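Structure first, commentary second.
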Amino acid sequence: MNKTIETLMNHRSIRTFKKESLSEKQIKTIVEAAQMASTSSFIQAYTIIGITDKEKKEQLAKLAGGQDYVAENGHFFLFCADLYRHSLIGEMEEADVISSIESTEKFMVTVIDASLAAQNAVIAAESMGLGICYIGGIRNELEEVNKVIDAPDYVVPLFGLAVGVPEQLSAIKPRMPFTTIYHENSYKHESNVVKKQLEEYDREISSYYEERTNGIRKDKWTEQMAKMLQRKSRMYMKEYIEGKKLNRR
């Protein structure tokens, strides 16, 4: 197993960081690594905003649901879907690009591009001995987040990435079995087989939590997912994205 694979296999979310800021060189390396991710048709439809202002970090921490590690980390990156530059390209080249920019397909491209870039950033950071935590809570109140970063039309904040020197390493959380995730040639969807796989995974996750918390937690993965999916979360999203002139067609 090479060092890259070892880095990938040792991933875990870190939520407590030492009070050490990332160096300019580390930040630049992480961003440049992100930029080398694959991008659909070379569109590069994302922007990464580094939040260094203490007050802004605290605002984002509050908007993300009171997650302290949004404010307390080595550096906070905010990944945005971004087709604003491409709207300007239409003006520069006197081309009608708006219908394409406002399509669902191009919005999907921006989200995929940003996600690929972010994962490159994560691998780069972890290869340097840093820890990371993705912050989806950024989407709790996007109107307010938008005010913090002053994003124009065609730009949507997608998620944050807290990076820093880990205070301590948490245990690696077990993923679904290979055979549950990987199917060959067609989707294997016999419900009794899938349910059996989920039950087996439930036992593994329950044991993981029981060991990690000294018996305080024993919840199953399916139990977690059912509770999460029953809650209506961020139901304003379609209207907000369309208000940013994306995903309209």
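The values are calculated or read from the model by the stated rules, or taken from the named source; none is laboratory data. Remember, predicted model here, so these are calculated numbers, not experimental data. Glycine gets a Cβ as well: all are built from the backbone with ideal geometry, and neighbour counts include every protein chain shown.
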Between a first residue in region 8-28 that is within 12 Å of residue 129 (Cβ to Cβ) and a second residue that is assigned to a strand (DSSP E or B) and of a type in the set (Val, Ile, Thr), which pairs have beta carbons less than 9 Å apart while being 6 or more apart in sequence or on different chains?
14/132; 14/163; 22/163; 26/163
Of the listed residues (52, 39, 16), the one being surrounded by fewer than 18 Cβ atoms within 10 Å (Cβ to Cβ), farther than 23 Å from residue 165 by Cα and touching a strand residue (DSSP E or B) at 6+ places or on another chain (Cβ under 9 Å) is 39
Residues within region 63-102 that are over 22 Å from the mean Cα position of the chain (by Cα), crowded, with 16+ Cβ neighbours inside 10 Å and either of a type in the set (Gly, Ala, Ser) or on the phi > 0 side of the Ramachandran plot (or both), tallied
1
Filter region 232-242 down to the residues that are surrounded by 15 or more Cβ atoms within 10 Å (Cβ to Cβ) and either over 19 Å from residue 85 (Cβ atoms) or in the same structural domain as residue 102 (by TED's automatic domain parsing) (or both) and list them by number.
240
The residue from 130, 161 that alone is of a type in the set (A, V, I, L, M), in contact with a Gly (Cβ under 9 Å, 6 or more places away or on another chain) and surrounded by 12 or more Cβ atoms within 10 Å (Cβ to Cβ) is 130
If I go through region 53-93 residue by residue, how many of them are free of Cβ contacts under 8 Å to residues at least 24 places away in the same chain and among the β-branched types (Val, Ile, Thr)?
1
Can you tell me which of (1) surrounded by 11 or more Cβ atoms within 10 Å (Cβ to Cβ); (2) on the phi > 0 side of the Ramachandran plot; (3) at pLDDT below 95 is the one residue 215 doesn't meet?
(1)
Any residue in region 140-155 that is in contact (Cβ under 8 Å) with a residue 24 or more places away in the chain sitting within a Cβ distance under 7 Å of a residue that is among the basic types (Lys, Arg)? List the pairs, counting only those 6 or more apart or interchain.
140/234; 148/56; 153/244; 153/245; 154/244; 154/245; 155/244
Working carefully through the options 223, 190, find the one that is closer than 26 Å to residue 137 by Cα, free of Cβ contacts under 8 Å to residues at least 40 places away in the same chain and not assigned by TED's automatic domain parsing to the domain that holds residue 80.
223
Positions within region 170-187 being over 20 Å from residue 202 (Cβ atoms) and within 20 Å of the chain's Cα centre (by Cα), in sequence order:
170
Residues (within 16 Å of the chain's Cα centre (by Cα) and among the aliphatic types (A, V, I, L, M)) located in region 156-168:
156, 158, 161, 162, 163
Please go through (1) within 23 Å of the chain's Cα centre (by Cα); (2) of a type in the set (D, E, K, R); (3) surrounded by fewer than 13 Cβ atoms within 10 Å (Cβ to Cβ) for residue 195 and return the number of the only condition it doesn't satisfy.
(1)
